[in-house]
Amino acid sequence: MSIHLQPTRWVKSFIRKFLNRRGYLVVRTELFTADQAELQQLRHAVQGAAAPVASADLLELLSQPVPSPSRPAAGLYTPIFSYDGLINDPKVIHNHDFMRNPRYIKAYEVAERALGYDHKMFWRLHVALWCATQAQKLPGDFVECGVWRGFLATAIMNYIPWPSEDKQFYLFDTWEGLDERFLTEGERNNKAKLEHFKPYYANQYESVKTHFSNYPNVHLIKGSVPETLGTVEIGSISYLSLDMNCAPPELAAAEYFWDRIVPGGMILLDDYGFVSYEDQKRGFDDFAAKHGVEILALPTGQGLLIKPASTEHSQQIRATFGNVAGVEAVMRSVVKILTQEGINSQPNAETNIGNLVGLYHGYRSAYHAVSQNKFARVNESEQARAAYTSQAKSRTYLPTMLKPRQLAFMHIGKTAGTSFHYLLRRAMPLAAVFNGSPEQYDLVTKEGLEEYDLLLGHFSFWQSQKFRRNKYLITFLREPVDRVVSSYFFLRSWKGVIDDTNREAIEASRQLDLMDFVRSNVAHVRAIVENHQTYVLGADWRTPRSQIKPSLLEEAIQHLQSIQFVGLTERYDESVRLIFSDIELDDVPPIERLNFTPQRPAINDISMEVRSLIEEKNQFDIRLYEEARRLFDEQASRIKGFGQR
């Protein structure tokens with residue numbers, strides 16, 4: 001049994017100097033020994049002496065090896081700490097010589113100054129620095145979601161020669177604490193946890209911004225994840241750190257960035273192993289299973305996921321082709337026909353396959369390496385078409401003309417679209433996804449959009465004409481008065497980025513009560529308050545709002561009737577299960593509500609005067625919503641397993 005001493009201030013000071021002389025970063029000063037005689041000797045020498053023990057004498061005591069064969073002969077003193085889940089014990093000593101590394105000491109001390117105090121994260125930082133040094137060797141930028149005062153990012157940029165690195169560092173945080181809209185029910189009910197984090201974030205952003213202004217290629221993205229994920233263009237990623245202290249944003253970020261993470265890239269999960277963060281543990285275990293990878297649980301409480309080089313291809317091959325041989329058979333038949341018809345200059349089919357796969361890093365990319373005109377020629381051959389249709393059943397491996405139904409979700413604001421967006425992404429982890437704004441949908445060609453399996457975003461109905469002919473289009477509508485009320489309180493509680501697209505509406509919501517907000521003539525407010533759902537479904541996004549007329553309602557209803565599934569926000573859970581049944585997705589992920597506004601009043605608590613005014617301004621949306629309810633009942637009757645309710 002180890003016996004601990006509480007040394008006097010003088011002894012602590014001496015030991016700190018003693019260890020510094022040997023190159024240690026001193027983290028906490030205690031003494032231990034398992035030998036009673038040694039303990040009495042040290043007590044007598046240090047505490048019982050009439051005068052302070054001479055340095056040489058104490059040094060000699062501290063230098064005596066401990067008579068234990070299971071322990072290195074490192075002397076009587078070893079720094080003891082029980083932080084990061086690693087407890088140094090007299091019988092089992094973790095090797096922590098990284099704390100003697102001058103680079104580590106410098107990085108820790110600079111990061112500690114940025115933090116403002118010593119948070120005792122020695123081993124967690126060691127793990128993060130190891131990940132960063134591995135990621136340093138790979139192409140791709142660094143991303144951290146959950147930054148606080150910048151401890152990890154600061155240490156990393158002081159540990160590796162950041163100014164000479166051709167990388168960017170993207171830092172995402174609210175810098176205002178947890179956003180209750182993006183919490184699980186369990187996290188939301190954990191009031192102690194919510195209160196715990198509030199004081200940590202008071203007035204942090206400006207100081208953090210000033211601190212990181214001293215480092216090149218660092219970008220601070222303020223606001224709530226997942227709302228801010230699409231606000232900045234990020235290419236490939238080699239290092240991703242997730243520490244937002246709540247599950248939904250972390251899982252959303254992992255899904256969003258997964259395709260951008262290069263093979264060998266590091267994903268570091270700060271809270272994965274802590275018992276008070278079980279929602280993260282369960283969520284990331286599901287995430288890992290869907291992506292065919294495993295998470296290494298560390299005694300520090302962290303989780304580590306290294307993206308394998310074969311993830312994107314081998315799992316899709318197993319899931320959709322059965323085995324690699326099936327893909328090879330498809331490639332051989334195609335290459336053989338290409339060679340026979342003189343389409344491809346390579347005479348040797350085996351060499352051709354190897355070159356394609358090696359050059360383009362996998363079968364999927366190799367397929368895309370063969371141009372469309374070659375596929376058109378192949379498609380004329382019954383042999384090649386048979387090989388594709390019999391073995392290549394994956395929507396991601398087939399060329400465009402053979403690809404099956406494309407899934408597209410048209411997100412209308414404040415209709416539970418964010419919840420459904422991330423539900424689809426969890427349900428289809430292997431899909432090629434495009435998520436964009438109306439402007440971005442304009443920039444991508446029809447041919448480009450046809451390459452994606454899942455299309456998401458605030459696009460207009462007219463833009464869906466660029467999608468595959470064989471598509472399954474989904475949208476949700478919401479009772480118009482409730483949608484306007486929800487929008488108002490959502491804007492009032494907004495914690496994301498404020499820019500030219502939302503500034504007017506946010507400022508109006510914070511300055512005006514609900515009645516005056518609905519009466520406002522501010523353009524961005526009117527776009528939210530007046531027949532917004534009719535506009536999205538009936539008009540091109542560039543159409544002036546002044547053109548919302550009865551003819552536009554007629555077009556919106558026609559478009560609504562052509563959509564494969566119209567969900568209702570008020571019947572969200574039922575809508576999700578109907579959709580998943582109709583598109584034959586077997587497993588419905590846990591249904592959670594994201595991006596909702598906590599503590600907003602119920603619709604019955606809104607005065608009749610305000611509700612009447614909203615109804616007056618949304619006559620077209622009310623008519624459109626009536627049609628949506630009719631269509632919903634038709635769909636429920638049509639889809640197997642659901643009757644009209």
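The length gained by stretching the chain between E439 and A527 to full extension, at 0.36 nm per residue less their Cα-Cα distance, is 30.0 nm.
Taking the Cα centroid of region 157-231 and of region 441-458, what is the distance between the two, rounded to the nearest whole Å? Answer, in whole Å: 31.
The dipole here belongs to region 122-214: it is taken about the Cα centre, uses +1 on the Cβ of Lys and Arg and -1 on the Cβ of Asp and Glu, and is about 240 debye.
Note on D605 and E554: the model spin-label points, each 7 Å out from Cα along the C-beta direction, lie 4.3 nm apart. Length gained on full extension, T231 to I583, computed as 0.36 nm times the residue gap minus the Cα-Cα distance: 123.7 nm.
If both residues of a DSSP beta bridge must be in region 102-309, then about 25% of such bridges are antiparallel. Distance between the 7 Å Cα→Cβ label points at Q547 and Q134: 5.5 nm.
A Förster radius of 41 Å combined with the Cβ-Cβ distance from V275 to I639 puts the calculated FRET efficiency at roughly 0.50. Estimated at 0.36 nm per residue, the fully extended path between F98 and A288 surpasses their Cα-Cα distance by 65.4 nm.
Semi-axes of the equivalent ellipsoid of region 406-638 are 28, 20, 19 Å, computed as sqrt(5λ) over the eigenvalues of the C-alpha gyration tensor in descending order.
Bear in mind these aren't lab numbers, they're just calculated from the coordinates by the rules spelled out. These numbers come from a predicted model, not from an experiment. Glycine also receives a Cβ, built like all others from the backbone with ideal geometry; neighbour counts cover every protein chain displayed.
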